[in-house]
Amino acid sequence: MAEEDFLVTLRYALWFLVFTAAIVSYRVVFGPTLADRVVALNTATTKVVVMVAILSVVLNAYYLLDVAIVLLMVNAVGGLIIAKYLEVGR
């Protein structure tokens, strides 16, 4: 019974993350500055990583954790590259 409650909680958390990612995607599209868009995209990607991790637990597909780790690394490196681009300028 406790495991079923845990899975239900994870499903609610997953839906909450989808909802908040949709809100963040508004800032990605309509951000007033490029820096706002970059931060919003980084936040949305982090939310996707957490969603993939939750899905791996819910579906008992732990190979999805490898996908989440790779996406997290790409997100971190991409954020650093874009930050360096914004610092130097065009």
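Provide Rg and Dmax in Å for segment 1-41, with only Cα atoms included in the calculation.
15.2, 49
Mind checking the per residue accessible area of the chain for me, 1.4 Å probe, whole number of Å²?
Values: 6530 Å² over 90 residues.
For the chain, the per-residue accessible area is 73 Å².
Placing +1 on the Cβ of each Lys and Arg and -1 on the Cβ of each Asp and Glu in segment 4-88, which of Leu59, Ile82, Val8 has its Cα farthest towards the positive end of the resulting dipole?
Among Leu59, Ile82, Val8, the one farthest towards the positive end of the dipole of segment 4-88 is Ile82.
For helix 34-58, report the angle its Cα long axis makes with the longest principal axis of the Cα atoms of the chain; keep it between 0 and 90° and round to the nearest 10°.
Its long axis makes an angle of about 20 degrees.
Only Lys, Arg, Asp and Glu count, each charged at its Cβ (+1, +1, -1, -1), so figure out the dipole size of segment 4-88 about its Cα centre, rounded to 20 debye.
Dipole size: approximately 240 debye.
Over the chain, what percent of the accessible surface lies on carbon and sulfur atoms, probe 1.4 Å?
73
The values are calculated or read from the model by the stated rules, or taken from the named source; none is laboratory data. What you see is a predicted model, and the numbers here were worked out from it, not measured in a lab. Here Cβ is always computed from backbone atoms with ideal geometry, including for glycine, and neighbour counts include all displayed protein chains. For the accessible areas, the whole protein counts, side chains as well, though only heavy atoms, and no ligand, DNA or RNA atoms are used. Shrake-Rupley method; radii C 1.70, N 1.55, O 1.52, S 1.80 Å.
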